[in-house]
Amino acid sequence: MKKFITLTFIFLSQLTALDLRDLRLEDLTQVEVTNTSASLTETSNQDTPAAVTTITYKDIQESGARSLDELLDIYVPSFAYMYKVFGSQMGMRGILSDRNNKILLLVNNRVMNIKTSDSGAVTERWFSMLGDIKKITVITGSGSPIYGSGAIAGVINIETFNGEDKQGLEVAGKVGSGEDFGMAEISYADKIFDDSRFYFYYGVDKYNGAQEEDAPMKFAFDYNGPYWWNSDIKAAADEPYPYTTTNDAASLDHKLRHKVHLQLQNDNYLVWARFTKSSLESPVEQKMFQWLTLNNASKYQHTGTENQQLTLFAEYKQRPTQDLSINYDLSYQRSSLYSRHIPDTTSIGLKAWREDNFVAKLDAKYNYDDDNLFAFGSEYTYNWLGKDSDIEFSDFSYINRELNSTQWNTSQLSLFGEYQKRFNNDLTMFAGIRADKHSYLKWIYSPRVSFVYNLKNEDVFKLSMNRSNRYSDEAELYLDHLSSNTHGDVEEIDTIEFIYAKYFSNLKIELSTFYNEQEIIAYNASLDRTADLGKVHSYGGELQINYQINSLLFNLSHSYTQLQDLNLADTTTTNQNISAMPYGYGHDFANWNKNMTKVRLNYNFTKNLKWINSLRIFWGLEGGEDMANYNRSLGNSAPDLYKLPYYEDGHTSAFQESIYYNTSLLWDINKKTSIGFYGYNLLGLFKQEYNKRNFYQYTSQYREMAPSLACGIQYKLN
């Protein structure tokens with residue numbers, strides 16, 4: 001903590017010592033840039049009725065982020081992620097699940113989530129190649145009225161470059177040490193056919209990650225083999241795990257990862273194709289180490305997940321009149337997933353399948369006049385599920401014990417609309433609703449009403465009320481349908497959000513507050529399946545301060561999330577991963593840091609030389625320690641005590657704060673060439689515990705990420 005205080009003092013000293021010149025932030029906000037990131041009708045950036053974070057290409061390059069997860073961790077106030085063997089789990093505002101199915105991930109407004117089981121938003125996230133991304137828009141909070149089922153915690157929309165944004169040939173590369181990797185990118189953009197623009201991108205990386213000695217895995221308890229045949233397995237609390245495990249952040253089996261994007265467009269049409277092949281190694285959770293022996297230890301070095309996705313998209317834009325525009329979208333997606341667990345048998349350890357889906361969408365916008373704007377449309381989705389995987393097994397599909405080489409089809413019809421009413425120059429209302437009908441469900445509805453009061457572009461007040469929803473994974477819905485022919489589980493969240501933003505000449509201050517009432521559908525260990533766990537009430541907020549002048553950008557955000565109540569649907573449930581509150585231990589989420597602070601400080605030494613800094617502080621896992629205290633009270637012995645967090649007396653460092661400091665130096669040598677030098681997780685050089693990142697659900701298991709360096713170069717040939 002002393003080192004953190006010292007670093008904070010240095011930051012503030014630099015801030016006050018710099019020569020602060022004029023750059024009017026409010027001048028930028030005066031520009032009316034239309035925005036539909038959080039509404040169906042067009043509005044200005046200031047009047048967008050949601051908490052939105054925009055990450056530009058410039059931000060991406062300056063951060064030096066080695067994955068989408070790391071990028072979001074730096075820039076989005078209430079975003080965090082944890083380790084899990086089937087892919088790291090991400091969340092916002094305390095909503096973090098055992099599966100990545102409560103956040104929607106989109107590319108160019110097309111949903112990329114894998115729907116079948118144990119997946120969700122897992123594609124796109126682990127690439128070190130981010131050069132195809134023009135902009136990322138993140139909605140913090142629920143968004144089903146705009147984006148549909150699954151937008152419970154938030155929405156991440158990636159916008160790629162196109163032939164209008166760039167011209168000519170560009171190449172880039174980066175290598176890293178400590179967390180070892182190498183990546184290369186190439187892109188080309190040009191005009192063709194007189195009025196059409198073409199864009200091509202290819203990226204590849206070889207990501208070996210950080211070795212065990214540089215990124216040790218630890219437990220908060222003395223780990224002893226629980227059976228007679230592995231009683232010789234021993235690992236001391238808060239000491240590096242002495243047996244073989246995976247490298248940190250590596251691709252599975254250190255395979256190459258690929259990303260390809262092709263795009264062609266003009267004023268009336270847009271066509272793009274995208275192929276990604278990605279993977280991530282991750283250790284299994286602490287309960288699975290009960291099967292470890294000295295003979296099978298090597299199997300624990302090759303666990304993780306891999307995915308492959310092909311997306312084809314076509315859009316035609318029609319404008320029958322000046323006030324009416326219509327978009328027609330057709331898309332096809334083919335996704336495969338492969339996961340390797342322990343033991344490596346299909347009964348527990350291996351999962352592999354493919355799913356295909358076809359989406360047809362029509363959306364229209366009609367401006368009756370300047371004060372009355374309408375948007376409406378329909379979407380139809382058809383899914384082919386349980387098909388043979390394209391990864392590892394060309395003739396094999398295994399989802400779970402019940403669905404082994406089982407194929408089935410589902411469909412969904414969606415209707416949506418929004419009305420925007422501008423009462424005067426200051427007050428605007430957004431009212432909308434979306435309705436979705438899945439093959440195995442009744443109609444589900446997602447309404448929203450928002451009011452925005454913008455006083456002279458200096459004070460902006462926003463009030464929003466909405467209901468968002470998410471239905472269970474397709475595999476769960478299918479099993480429910482087979483067993484009882486009844487309608488499956490639907491998760492709902494009702495949100496009230498108030499946002500206030502104040503604009504000064506060089507300063508923006510924004511405060512977002514929210515209250516959630518959520519009916520949670522999540523994994524119930526007592527039932528060994530997802531189910532209705534109960535109702536959660538939570539509240540919190542985010543404070544953001546953004547100060548900008550010619551040479552300096554300073555950004556500070558702090559987020560706070562508090563669990564108010566958790567009422568279990570079944571009061572006999574003894575093993576769930578939301579909170580220990582129902583058992584009398586604490587009032588916090590078990591897998592969430594209720595306080596997070598993120599600081600960025602960018603300084604331009606010259607026009608061509610920049611210094612970039614980011615500091616992220618996750619102020620402890622009180623709810624994880626509460627769950628461990630509950631587990632200790634049960635008096636279980638191994639291996640049952642490993643099913644929840646646990647710690648030995650005096651070993652609670654797993655639940656203490658994590659602090660990550662990154663820095664980079666960027667030099668534009670000339671108009672064609674730029675280089676960057678990057679440092680990651682550098683506080684670990686002083687105290688490695690600061691770099692700790694916990695495992696989802698088993699927060700007494702953690703890994704200390706390696707301090708590391710990287711160097712990159714970018715060259716434009718045009």
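The values are calculated or read from the model by the stated rules, or taken from the named source; none is laboratory data. Just so it is clear, the model here is predicted, and its values are computed rather than measured. Note that we place each Cβ from the backbone using ideal geometry, even for glycine, and neighbour counts take in every protein chain shown. For the accessible areas, the whole protein counts, side chains as well, though only heavy atoms, and no ligand, DNA or RNA atoms are used. Shrake-Rupley method; radii C 1.70, N 1.55, O 1.52, S 1.80 Å.
Brief remarks on what is shown
- Altogether, the Stokes-Einstein calculation at 20 °C and 1.002 mPa s, with the Kirkwood radius of the range 429-559 over Cα pairs as Rh, returns a diffusion coefficient of 120 µm²/s.
- Taking every DSSP helix (H) stretch of at least 4 residues in the chain, weighting each as -39,500 (n - 2.57) and dividing the sum by the residue count yields a mean residue ellipticity at 222 nm of -2500 deg cm²/dmol.
- Pairwise Cα distances in the range 634-707 exceed 19 Å in 54 percent of cases.
- log₁₀ of I(q)/I(0) at q = 0.08, 0.14 Å⁻¹ - the range 111-270, Debye sum with one point per alpha carbon: -0.41, -0.96
- For the range 391-473, the C-alpha radius of gyration divided by 2.2 N^0.38 Å, with N the number of residues, is 1.81.
- The range 270-404: Rg to Rh, with Rh as the Kirkwood radius over Cα pairs: 1.22
- The magnitude of the dipole of the chain, with charges of +1 and -1 set on the Cβ of Lys/Arg and Asp/Glu and taken from the Cα centre, is near 1060 debye.
- Plainly put, the range 679-718 has a radius of gyration that is 1.29 times its Kirkwood radius, both from alpha-carbon atoms, as the Rg/Rh ratio.
- Rounded percent of accessible protein surface that carbon and sulfur make up, the chain, 1.4 Å probe: 54 percent
- Computed Kirkwood radius, in angstrom, where 1/r is averaged over Cα pairs of the range 559-633: 14.8 Å
- Packing-based ranking, highest mean first, of 537-543, 187-193 given that Cβ atoms within 10 Å are counted: 537-543, 187-193
- Per principal axis, descending, Cα span of the range 460-518 in whole Å: 62, 18, 11
- Panel values: the range 564-718, Kirkwood radius from alpha carbon pairs, Stokes-Einstein at 10 °C and 1.306 mPa s, translational diffusion coefficient 87 µm²/s.
- Leading residue at positive end of dipole, the range 607-692 (Cβ point charges), from Tyr642, Gly679, Met627: Gly679
- Once the Cα gyration tensor of the chain is diagonalised, semi-axes √(5λ) in Å: 37, 31, 27
- Inter-part distance where the range 445-475 and the range 180-257 are each reduced to a Cα centre, Å: 37 Å
- Here the contact order of the chain, divided by its residue count and restricted to Cα pairs under 8 Å and six or more residues apart, works out to 13 percent.
- All Cα pairs of the range 90-197, percent lying beyond 24 Å: 41 percent
- Per residue, in Å², the accessible surface of the chain once ligands and nucleic acids are set aside, probe 1.4 Å: 38 Å²
- Partners of Lys206 within straight-line reach, counting aspartates and glutamates whose Cα lies under 17 Å from its Cα and excluding those fewer than 8 residues away in the same chain: Glu124, Glu179, Asp180, Glu185, Asp248, Asp253, Glu281, Glu306.
- Using θ = phi - 60° in the Karplus curve 6.51 cos²θ - 1.76 cosθ + 1.60, the 3J(HN,Hα) couplings for the range 81-98 round to 9, 10, 6, 6, 5, 8, x, 4, 9, 10, x, 9, 6, x, 9, 9, 10, 6 Hz; x is entered for Gly and Pro.
- Cα centroid separation - the range 493-562 against the range 652-694, whole Å: 25 Å
- Amide H partners (placed H, <5 Å) of Ser282, local residues excluded: Thr303, Gly304, Thr305
- Label separation (Ser633 vs Lys421): 5.1 nm, computed from points 7 Å beyond Cα along the C-beta direction.
- Base-10 log of normalised Debye intensity for the range 204-264 (one unit scatterer per alpha-carbon) at q = 0.13 Å⁻¹: -0.52
- ³J(HN,Hα) computed for each position of the range 641-647 - Karplus, 6.51 cos²θ - 1.76 cosθ + 1.60, integer Hz, glycine/proline x: 6, 7, 7, 9, x, 8, 8
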